[in-house]
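Okay, so here's the structure we're looking at.
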Amino acid sequence: MRVTDSSAALPCPPDPHTGLPTADVVLPCLDEAAALPWVLDRIPDGWRAIVVDNGSTDGSAELARSLSATVVTEERRGFGAACHAGLLAAEAEFVCFCDCDGSLDPALLTGFVRRIADGECDLLLGRRRPEGRGAWPPHARAGNLALARMLRRRTGLRLQDLGPLRAGRRADLLALDLTDRRSGYPLQMVVRASDAGLRVAESDVPYRPRTGKSKVTGTWRGTWHAVRDMRGVLREPPADTAPGGVVRAGTGALR
């Protein structure tokens with residue numbers, strides 16, 4: 001991981017008018033130049049966008065720098081690798097995650113952070129509600145539903161979605177000792193959060209057709225590989241936890 005540019009060395013303090021804490025927003029990126037301007041324009045004022053370039057060849061990293069985002073280079077390919085590099089580069093108390101393809105609106109994350117800061121929950125996920133033709137292909141939705149059911153059996157969490165729009169406290173997320181560096185990363189975050197006793201909740205968010213083709217769920221093959229990775233996460237035994245529910249050490253990893 002390499003931080004190649006930063007528009008802000010330290011996160012801003014809480015907004016003096018709203019009292020809302022600021023956050024860092026991690027944006028895993030692989031050839032998303034077409035969507036980047038809109039996504040970065042929707043980052044809340046005073047928040048820091050961390051664009052994690054995961055091998056783009058379309059100028060995404062250069063464009064992100066020109067739009068005042070912090071750019072992190074993660075040479076190891078994989079959605080989880082990009083997300084975790086962004087988490088390690090984050091400095092704010094709260095860290096959010098959002099896809100960089102224009103399908104989700106990062107402006108909604110202010111409400112996520114407020115709910116966590118107010119003590120309603122510890123990890124908040126966006127439950128996707130598709131808007132527009134082709135926003136959520138049937139095979140991707142079916143795979144997500146199957147995983148949600150397996151997650152319920154593994155953890156007892158009654159979630160309907162494992163959406164990529166999410167927020168939590170940086171310290172909590174780092175303590176989970178996440179090890180997956182592929183498609184299982186988002187699910188591992190939820191599983192280990194549950195094992196650690198963190199309160200996991202979800203909130204409806206609009207889900208629009210993405211800009212460009214998905215690298216993961218754009219095909220049946222990609223969806224199958226993602227489901228396979230996530231099933232591997234669900235087979236991991238519960239992580240050992242320290243008193244108070246904090247994860248002490250991770251278990252198996254998907255490489």
Handout entry: Inter-probe distance in nm under a simple model that places probes 7 Å from Cα toward Cβ, at GLU75 and ARG115
Key = 4.0
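Give me the number: length gained by fully extending GLU62 to ASP45, i.e. 0.36 nm times residue separation minus the C-alpha to C-alpha distance, one decimal in nm.
4.0 nm
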Problem - For LEU174, solvent-accessible area (1.4 Å; no DNA, RNA or ligand), Å² - result: 60
Handout entry: DSSP-assigned coil residues among GluC sites (Glu not before Pro) in region 39-87, each with at most 12 further Cβ atoms within 10 Å
Key = GLU75
Practice task
Output the relative contact order of region 55-203, whole-number percent, from Cα pairs under 8 angstrom with separation of 6+ residues.
Solution key: 33
Handout entry: Estimated inter-spin distance, ALA146 and ARG158, nm [label 7 Å along Cα→Cβ]
Key = 2.4
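FRET efficiency for ALA107 and ARG231, Cβ-Cβ distance as r, R0 = 30 Å, nearest 0.05?
After rounding to 0.05, the efficiency reads 0.35.
The values are calculated or read from the model by the stated rules, or taken from the named source; none is laboratory data. Values in this document were obtained by computation on a predicted structure and should not be read as measured data. Heads up, the Cβs are rebuilt from the backbone with ideal geometry, glycines too, and the neighbour counts pull from every protein chain shown. SASA here: full protein model, heavy atoms, side chains in, ligands and nucleic acids out. Shrake-Rupley method; radii C 1.70, N 1.55, O 1.52, S 1.80 Å.
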